[in-house]
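Structure first, then comments.
The values are calculated or read from the model by the stated rules, or taken from the named source; none is laboratory data. Keep in mind that this is a model prediction, so the values were computed, not measured. Backbone-built Cβ (ideal geometry, glycine too); neighbour counts: all protein chains shown.
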Amino acid sequence: MDFPGWNGFLGTRASLMLDIVCVGMVVVVVVLAWSVRQVRRHRRYALHRRVQLGLAVLLLVVISMFELDIRLHGWQERAAGELGGQASNAVLTVLTVHLCFAVTTVVLWILVLTLAWRRFPHPPAPNSHSPFHRRWARVAAWDMVLTAVSGWTFYVMAFVL
Ligand code: HEM
């Protein structure tokens, strides 16, 4: 069907940017899990810092491009499957849940990143900031996973079914 903006590459009704974010979140969750494992198992603190900062920059770029796409072209027509259509209530409910996770994730990531940057030594190593970082970084990481899972659920309900 002829929707506004570029079509994606996954063969669904989603736009190109939606597909990029959908696949990008798989990469983010896998890299995040790997980075946490590096610090817990192998105490590679400098590697962990580099990867976390890289992930944050990647997310900033992709999410900005994604927001631009959604603002310019919208998404509801694609979700309804026909030009001028409106998404169903179920889809809007899942989107609301997803946005709750997404917004808290952004706040938590900014908090965890800036405090880690300021309070851990350079090069990074455990210190008195460790208990705070361990607690809130875990919450931030799980929030990111839940953002991804709710995002994929929204994607399937809106653009596949
Ligand atoms: C949002 C970004 C970040 C997330 C989600 C995150 C996540 C985590 C997690 C889950 C742990 C392991 C906690 C445990 O033992 O279970 C950890 C440990 C650690 N992280 Fe991060 N991290 C982030 C950013 C950073 C940054 C930017 C630095 C350095 C400036 C850093 C330095 C460390 C250090 C030194 C530890 C070891 C703490 C200890 O065991 O005493 N992290 N991080």
Worksheet item: Which ones in the range 74-101 are without any contact (Cβ under 8 Å) to a residue 12 or more places away in the chain, under 16 Å from G5 (Cβ atoms) and loosely packed, with under 15 Cβ neighbours inside 10 Å?
Response: Q76, G84, G85
Worksheet, complete the sentence: Residues of the range 120-132 being part of a helix (DSSP H, G or I) and without any contact (Cβ under 8 Å) to a residue 12 or more places away in the chain, in sequence order, are S130, P131
Item to complete: Name the single residue, out of those in the range 24-73 being under 13 Å from P124 (Cα atoms), of a type in the set (K, R) and free of Cβ contacts under 8 Å to residues at least 40 places away in the same chain, that is surrounded by the most Cβ atoms within 10 Å (Cβ to Cβ).
Response: R44
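Only residues that are assigned to a helix (DSSP H, G or I) and over 19 Å from the mean Cα position of the chain (by Cα): list them for the range 68-82, please. Outline the logic, then answer.
To start, the set of residues in the range 68-82 that are assigned to a helix (DSSP H, G or I) comprises 68-73, 76-80.
Selection gives L72, H73, Q76, E77, R78, A79, A80.
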Worksheet item: Restricting attention to the range 117-149, and to residues there that are over 14 Å from V106 (Cα atoms) and of a type in the set (F, W, Y), which single residue is farthest from the ligand (Cβ to nearest atom)?
Response: F132
Worksheet item: Checking V61 against (1) modelled with pLDDT of 95 or more; (2) part of a helix (DSSP H, G or I), which single condition isn't satisfied?
Response: (1)
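Of all residues in the range 1-11, count the ones that are modelled with pLDDT of 95 or more and buried (at least 16 other Cβ atoms within 10 Å of the Cβ). Steps first, answer last, please.
First pass over the range 1-11, keeping only residues modelled with pLDDT of 95 or more: 9-10.
Right, trim to buried (at least 16 other Cβ atoms within 10 Å of the Cβ) and you get 10.
Number of matching residues: 1.
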Worksheet entry | Residues of the range 122-161 satisfying the condition of being surrounded by fewer than 19 Cβ atoms within 10 Å (Cβ to Cβ) and of a type in the set (D, E, K, R) | R134, R135, R138
